[in-house]
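Written out below as structure tokens is the structure these notes cover.
The values are calculated or read from the model by the stated rules, or taken from the named source; none is laboratory data. Since the model is a prediction, treat every value here as computed from it, not as a measurement. Here the Cβ is made from the backbone with ideal geometry for all residues, glycine too, and neighbour counts use every protein chain on show.
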Amino acid sequence: MPARPATAKAPPPDWARIDTVCLDMDGTVLDLRFDNLFWLEVLPRAWGDSRGLTQREAWAELKPRFDARRGTLEWYCIDHWSEELGFDVAGLKRRMSGHVRYLAGALEFLAAIRATGRRLLLTTNAHPVSLDIKNRQTALADHFDELVSSHGFGAPKESPVFWSRLREWHHVDLETALFVDDSPAVLRAAREAGIGWLYQVTRPDSTLPPVSAAEEFHGVRSLSELVP
């Protein structure tokens, strides 16, 4: 079955049955351009410079390490990569923090949800250090009831453990929750956990064209398409 076209209009959620809104951070609320720039260009260049490597040579060494950890908690862990690479990853992120931006339509959506009185949670795989850096730059905490990092659960959003602990530790009724993310793997885990409404952001990086949503999920280019 082919994926839905990136231009297909997603049906609206049934807001009358939704009590809690859970949103991914990077690629849903914040522009994924920052992370793509950091991990694909800035870090390889800086790490390579520290070892006398060209950016291409550095990337040839880094990519297999990244691929081996993708989808695990270590993949999202600043402490892990600082130790693995012998490099101050957090310090480099802090120096780049001026590039962190909201995606178009995100603030409009957050304000609209707050106005309805629904509970609003940021649910991210970002390491607490990364979350703090981005919160300082964008004041995320001003727009959410809670900022929830998977590192506090000991499991990434790709794992059923994350969703079980979100339900138990943060008292989230998954059946009456809406969750938006740009990762099909994360959305599949959320679906298996019983989240009631799921949407995939199809333009997580504002500098790249939209992609097609995975066939089992409705796609939106931005959160503004879901404003109640």
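Worth a mention:
- Yes/no for F179 being touching a Leu at 6+ places or on another chain (Cβ under 8 Å), part of a loop (DSSP other than H, G, I, E, B), at pLDDT 95 or above and not assigned by TED's automatic domain parsing to the domain that holds D88: no
- Filter result for F153 (aromatic (F, W, Y), crowded, with 18+ Cβ neighbours inside 10 Å and either in the same structural domain as R203 (by TED's automatic domain parsing) or over 17 Å from the mean Cα position of the chain (by Cα) (or both)): yes
- Checking every residue in region 9-22 against the condition of being in a loop (DSSP other than H, G, I, E, B), surrounded by fewer than 20 Cβ atoms within 10 Å (Cβ to Cβ) and on the phi > 0 side of the Ramachandran plot gives zero matches.
- Criterion: part of a helix (DSSP H, G or I) and not assigned by TED's automatic domain parsing to the domain that holds A90 - qualifying residue of L147, L131: L131
- Hey, R51 in contact with a helix residue (DSSP H, G or I) (Cβ under 8 Å, 6 or more places away or on another chain) and surrounded by fewer than 16 Cβ atoms within 10 Å (Cβ to Cβ) or not: yes
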